[in-house]
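To start, the structure itself, in C-alpha cells.
The values are calculated or read from the model by the stated rules, or taken from the named source; none is laboratory data. None of the values given here were measured: they were computed from a predicted structure. Here the Cβ positions follow ideal geometry from the backbone for every residue, glycine too, while neighbour counts run over all protein chains shown. Please note that ligands, DNA and RNA were not included when accessible areas were found on the heavy atoms of the full protein model with its side chains. Shrake-Rupley method; radii C 1.70, N 1.55, O 1.52, S 1.80 Å.
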Amino acid sequence: MPKACGQGHAPASVKADPCKMNPAAVDSRILALAAQITESSDQDVPVLLLKLKEILNSTALGSKESKKIKQDLYYYDLVQYCMLVLKQDYSRLQGGWANAAQLAEILSQCCVGLEVKENPDEFYNKLLPSAVENLLFLGRRLQARFVRAIKDEEKTEFLRCFRTVTDAICWLFGGHIQLTECVLQSNHFLQLLITDDVETATAVMSVLQNILRVNSSVLLHVDEKILHSVLDELVYKLSSTTNPVTGNAATKLLLSVAESHPQLVELLSIRYKGLRILLSKQWTGKGFDRNLNQLLDLLYSKSYRKGEMQRLHQAASLIQAVWRGFQTRKRLKTLPKAVTALQRSFRAKREQALEQSKRQKDDEILRQQLQLQRQRAMRRFHEQQLTLLEIVHAGQVDRHIQETEGKAALTIQRHWRGYRARRNLHQQRQSFKQHKAAVIIQRAAHKFLNKCQRKRKALSPWKEPKELTSTQNLALQQKVDDYIRLHPASEMSEDMSKELHLQAQENLAQYLLRSSLDHRAEQRREALLAQVNTDVELLMTAPSLTEATEKDLDVFMSRSVPVACKARQSHNTMLKYARWPWWKKLGDEFMDDTIPDDVFNTEFGTLFIGGSKSS
C-alpha cells in the first residue's frame with residue numbers, strides 16, 4: 001500500500017485510514033494513482049491527477065459505482081489533492097493553465113454527488129468552502145492573464161479555461177446549495193465581477209445568474225455591504241458601457257434580483273433613483289426589450305410606490321414638525337406682546353359691549369317714554385273730543401262725526417293715491433326703457449335695409465337707363481367730336497404695338513408669379529404662426545412632469561396636432577359662414593364667393609390663444 005497518510009505532500013487530515021480499508025473493495029486504478037501521487041513531486045501531481053477524469057467517466061453519472069468511486073477518491077485524499085494543487089502557478093508546469101481548468105472541472109465533478117458518512121462536518125464546512133475559494137482564486141488568475149494577453153490565440157485559450165472554471169463553480173454550488181452564500185461572500189468573486197472586460201464579466205454575471213436560479217433567497221442572507229457592492233457594480237456596468245452584451249446580462253441579473261424578493265425591488269428603487277431613467281433612455285431598443293420592460297414594470301410597481309409615498313409622508317411629517325416647532329418658538333418669543341395685545345383687545349371689546357348695552361338700554365328707555373307720551377297724547381285727544389261732544393249741541397253731534405270721518409278718509413285716500421302713482425311711475429319707467437331700446441333696434445334695422453336696397457338699385461343689371469332724345473344725342477356727339485379734334489391720338493406702328501403688348505404680357509406674368517410667391521409665403525407665415533401659437537398653448541396647458549403620460553408625450557412629439565387644430569378651426573369657420581341667415585348675406589350677389597378677412601381673423605383667433613391674439 002503506498003503512503004497516503006503521512007508522507008510527502010498529503011493533506012494534514014485524512015478522513016479514513018486507507019490501511020484499514022479492504023483493498024479488494026477499492027478500484028485498482030484509484031489505488032495505483034494514490035500510490036503514484038504519494039511518491040511523486042509537487043510538479044508532477046497535477047498531471048497525474050488528470051487521470052481522475054478517465055476514472056470518473058468510466059461509470060454512469062449518478063450510479064452506485066460512480067458514488068463508490070467518489071467516496072474512495074475522498075477517503076484516499078485525492079479530492080483534497082485536486083483542491084490544493086489549484087493554487088499552484090501553472091505557467092511553469094507541464095500542460096499549463098489548461099490542466100488547471102481540467103482539474104477544476106474534476107474537483108467539482110468529484111464533490112457533486114459525494115456522500116460522506118464519516119465526519120461529514122469536515123467535508124461540508126471545511127473542504128467545500130475551501131474548494132470554492134480555490135476555484136475563485138484560479139478564476140482570478142486566468143482573468144488577469146486574459147486581460148494581459150496580446151495574441152488572439154492566447155486570449156482565446158485563457159477565455160476557454162476561464163469559462164471552464166466558472167462552469168465548474170456553477171456545477172459545484174448546483175450540487176451543494178449552501179455554497180451559493182460562500183461564493184457571494186468571497187472577495188475573489190467580487191473582484192472577478194469588478195472588471196471592464198466584456199467576456200470575463202459576462203461569464204461572472206452568468207455565475208451570479210445561476211446562483212439566483214439555484215437559491216433565489218441567498219441575497220437576503222448575505223451581508224448588506226456585499227449586496228450593495230454587487231448591485232453597485234451591476235448598475236455601474238449599465239451606466240458606463242454601451243455594449244449590448246454587458247447591458248443584456250446586467251439587465252437580466254437585475255430582473256432576477258427584483259423577482260427574487262419585493263424587498264430588493266424597494267432597495268433598487270430607493271438606492272438607485274435614476275435607474276429607471278437610465279434603463280428607459282440608454283438601453284431601449286438594444287435587443288432585450290422584453291427583460292427591460294419587465295424590470296421597469298417591477299421598479300414602477302405598487303410596492304415601490306407605496307414605499308415611496310411612505311418615505312415622502314415621513315419626510316413631510318418631519319418638515320411639518322420642524323416648522324411647527326419653529327413657529328411655536330417664534331410665538332413664545334412674542335408671547336408677552338401677544339398677551340398685552342390680547343388684554344388690550346379684551347378691554348376694548350368689553351368697553352364696546354358695555355357701551356352697546358348702555359345704548360340699548362337708553363334706546364329702550366326712550367322707546368318707553370315715546371310710547372308713554374303717545375298714550376298720554378291719545379288720552380288728551382279723547383278727553384278733548386269728549387269735552388267738545390259735551391259742548392256741541394246734540395243735534396250737531398252726527399254732523400261733527402261725519403266731518404271727522406271725511407277728513408280721515410281723505411287723508412287715507414291721499415296716501416294711497418301717492419303710493420299708487422309712485423308705483424305706476426316705476427313701472428312706466430321700465431316700459432319706457434324697453435320702448436326706447438326697441439325704437440333704437442328698429443331704426444338700425446331700417447337703416448341697414450335701406451342701405452342694402454340703395455346698393456341693389458345702383459347695381460341692378462335689369463334696370464335699363466333712360467333713353468336720350470335726339471337733341472341730347474346730337475349735343476353729346478358734338479362734344480365727342482370736339483374732344484377728338486382737340487386731342488388727336490398719336491399713331492403707333494404694328495411692331496410697336498406688338499412690343500408694347502409683349503412688355504405688358506411679361507410684366508403681367510412677373511406680377512402674377514410674384515403675387516403667387518407672396519401668397520405662398522404669406523400662407524407659410526400664417527401656418528408657422530399658428531403652429532408656434534398652438535405649441536405655446538400646449539406648453540401653457542401642459543401637465544406637470546409627475547402627471548405626464550405617454551399620450552401627453554405624443555401630443556408634443558407629433559407635428560400633426562397643430563395642423564389638425566388649424567384644419568378644424570378653418571372647417572368650423574366655413575360651416576359657420578355657410579349657416580349665416582339670409583339677412584347677413586344681403587348685397588353679396590355681385591361680390592366674389594370669398595369670406596371676408598375679418599371673419600377669418602375672428603374665427604381663427606381661437607387658435608392664437610398663446611400668441612398676440614385672444615379669443
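Among the candidates R140, R145, the residue that is open to solvent by 70 Å² or more (accessible area, probe 1.4 Å), in contact with a helix residue (DSSP H, G or I) (Cβ under 8 Å, 6 or more places away or on another chain) and either of a type outside the set (G, A, S) or part of a loop (DSSP other than H, G, I, E, B) (or both) is uniquely R140. If you filter segment 213-234 down to residues that are in contact (Cβ under 8 Å) with a residue 24 or more places away in the chain and among the acidic types (D, E), you find that the one that is surrounded by the most Cβ atoms within 10 Å (Cβ to Cβ) is E233. For the residues L61, L50, the requirement of being within 18 Å of N134 (Cβ to Cβ) and either at pLDDT below 80 or loosely packed, with under 15 Cβ neighbours inside 10 Å (or both) singles out L50. Only residues that are at pLDDT 90 or above and loosely packed, with under 10 Cβ neighbours inside 10 Å were counted across segment 315-356, and they come to 0.
Candidates are the residues of segment 289-305 that are among the polar types (S, T, N, Q) and at pLDDT below 75; the one that is farthest from K252 (Cα to Cα) is S303. Condition first: closer than 18 Å to F189 by Cβ and of a type in the set (A, V, I, L, M, F, W, C). Now tell me which residues in segment 221-279 satisfy that. Hits for segment 221-279 are V222, I226, L227, V230, L231, L234, V235, A249, A250, L253, L254, V257.
Considering only segment 240-261, state which residues are within 12 Å of L219 (Cα to Cα) and open to solvent by 10 Å² or more (accessible area, probe 1.4 Å). Passing the criteria: S256, E259, S260, H261. Using the structure shown, decide if E199 is out of contact with any Leu (no Cβ under 6 Å at 6 or more places or on another chain), acidic (D, E) and either closer than 30 Å to G247 by Cβ or open to solvent by 10 Å² or more (accessible area, probe 1.4 Å) (or both). Here the answer is no, as E199 does not meet what is asked. In segment 106-134, the residues that are in contact (Cβ under 8 Å) with a residue 40 or more places away in the chain and open to solvent by 50 Å² or more (accessible area, probe 1.4 Å) reach residues that are assigned to a loop (DSSP other than H, G, I, E, B) and small (G, A, S) with C-beta atoms within less than 7 angstrom, at least six apart or across chains, in these pairs: E118/A16; E133/S186. The residue that is farthest from A60 (Cα to Cα), among those in segment 94-105 that are open to solvent by 10 Å² or more (accessible area, probe 1.4 Å) and outside any loop (DSSP other than H, G, I, E, B), is W97. Pick from segment 32-43 the residues that are in contact (Cβ under 8 Å) with a residue 40 or more places away in the chain and in a loop (DSSP other than H, G, I, E, B): which of them is least open to solvent (accessible area, probe 1.4 Å)? Here the answer is D42. Within segment 481-512, the residues that satisfy the criterion of being surrounded by 10 or more Cβ atoms within 10 Å (Cβ to Cβ) and among the polar types (S, T, N, Q) are S497, Q503, Q505, N507, Q510. Just one of (1) assigned to a helix (DSSP H, G or I); (2) open to solvent by 40 Å² or more (accessible area, probe 1.4 Å) fails for S91. It is (1).
Those helices (runs of 4 or more DSSP H) of segment 219-334 in which at least 2 residues are more than 29 Å from T546 (Cβ to Cβ) and of a type in the set (V, I, T), considering only elements entirely within it, cover 224-240, 244-260. When I150, I177 are checked against the criterion of being open to solvent by 10 Å² or more (accessible area, probe 1.4 Å), closer than 21 Å to N210 by Cα and not in a helix (DSSP H, G or I), a single residue qualifies: I177.
You will find that of K237, K273, the residue that is more than 21 Å from Y300 (Cα to Cα) and either touching a residue at least 12 places away in the same chain (Cβ under 8 Å) or open to solvent by 60 Å² or more (accessible area, probe 1.4 Å) (or both) is K237 and no other. Return yes when S470 is modelled with pLDDT of 85 or more and exposed (fewer than 10 other Cβ atoms within 10 Å of the Cβ) and no when it is not. Yes; evaluated as a whole, the condition is true for this residue.
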